[in-house]
Amino acid sequence: MEDMENNSRNDYKRLMPSELKAPLEDFEHDERLQFDIGRIFGENTLEYAKRLCKGQVDYLMRMSKPLLIYLTSFLELEDVAHLSQTCKFMYEICSAEALWEQIFHHHCDTVTEEMTSLALDMGWKQMFFTNKLQLQVKLRRHQQKRASPDGGTTFLTED
């Protein structure tokens, strides 16, 4: 039984994680290290490490979400659409309500309380893409709903 415990302990020590430090220049040529990284952490992590070693750092992905939203709000709408198709993270940025609120404010001269209230109900992006005539109708309905004591279930009839 004691032999079995010693064998288990030796196997355990052999399987323990280890640390290997090497200069960046060596990483590109160390196939064994690259194989281990790919096997343990996956191919995406391996490719990311290779790009880092070559100095290819994606600074955009490292920025905070509020800063990315702010910067994206100055892009043309077509560019926002293209950016949203690059990756999941950028799709989330380009779909953020905060972004569309900023875009709405950039493109609209005045934003009233009623417009803000309606945008909170329907979303800033939908509000932005709603044409002016539709927006006037929605604003009127929204105002009537807010003014109605029973929450907007009032019906108008003609005599």
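The values are calculated or read from the model by the stated rules, or taken from the named source; none is laboratory data. Note that the structure is a prediction, hence the values are computed from the model and not measured. Here the Cβ is made from the backbone with ideal geometry for all residues, glycine too, and neighbour counts use every protein chain on show.
Scan segment 25-46 and report the pairs whose first residue is in contact (Cβ under 8 Å) with a residue 24 or more places away in the chain and under 19 Å from Val57 (Cα atoms) and whose second residue is aliphatic (A, V, I, L, M) and part of a helix (DSSP H, G or I), with Cβ atoms within less than 8 Å and a gap of 6+ or a chain change.
Phe27/Leu33; Phe27/Ala49
Do you know which residues across segment 108-138 are assigned to a helix (DSSP H, G or I), charged (D, E, K, R) and under 24 Å from Ala81 (Cα atoms)?
Across segment 108-138, the qualifying residues are Asp121, Lys125, Lys132.
Pick from segment 123-141 the residues that are among the charged types (D, E, K, R), surrounded by 11 or more Cβ atoms within 10 Å (Cβ to Cβ) and at pLDDT below 90: which of them is nearest to Tyr70 (Cα to Cα)?
In this case the residue turns out to be Lys138.
Pull up segment 44-66, narrow it to residues that are closer than 14 Å to Phe89 by Cβ and not in a helix (DSSP H, G or I), then point me to the one that is farthest from the chain's Cα centre (by Cα).
This residue is Asp58.
Quick grid of which residues meet (1) under 18 Å from Leu60 (Cβ atoms); (2) of a type in the set (S, T, N, Q); (3) in the same structural domain as Met63 (by TED's automatic domain parsing); (4) at pLDDT below 95:
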position	(1), (2), (3), (4)
Leu75	yes, no, yes, no
Val80	yes, no, yes, no
Ser84	yes, yes, yes, no
Cys87	yes, no, yes, yes
Ile93	yes, no, yes, no
Ala96	yes, no, yes, no
Met115	no, no, no, yes
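Can you work out which of the residues in segment 84-122 that are within 16 Å of the chain's Cα centre (by Cα) and among the aliphatic types (A, V, I, L, M) is surrounded by the fewest Cβ atoms within 10 Å (Cβ to Cβ)?
Ala98
Could you grab me the full set of residues in segment 32-50 that are small (Gly, Ala, Ser) and surrounded by 14 or more Cβ atoms within 10 Å (Cβ to Cβ)?
Scanning segment 32-50 gives Gly38, Ala49.
Just give me the residues in segment 51-64 being modelled with pLDDT of 90 or more and either assigned by TED's automatic domain parsing to the domain that holds Phe27 or surrounded by 11 or more Cβ atoms within 10 Å (Cβ to Cβ) (or both), in sequence order.
Within segment 51-64, just Met63 meets the criteria.
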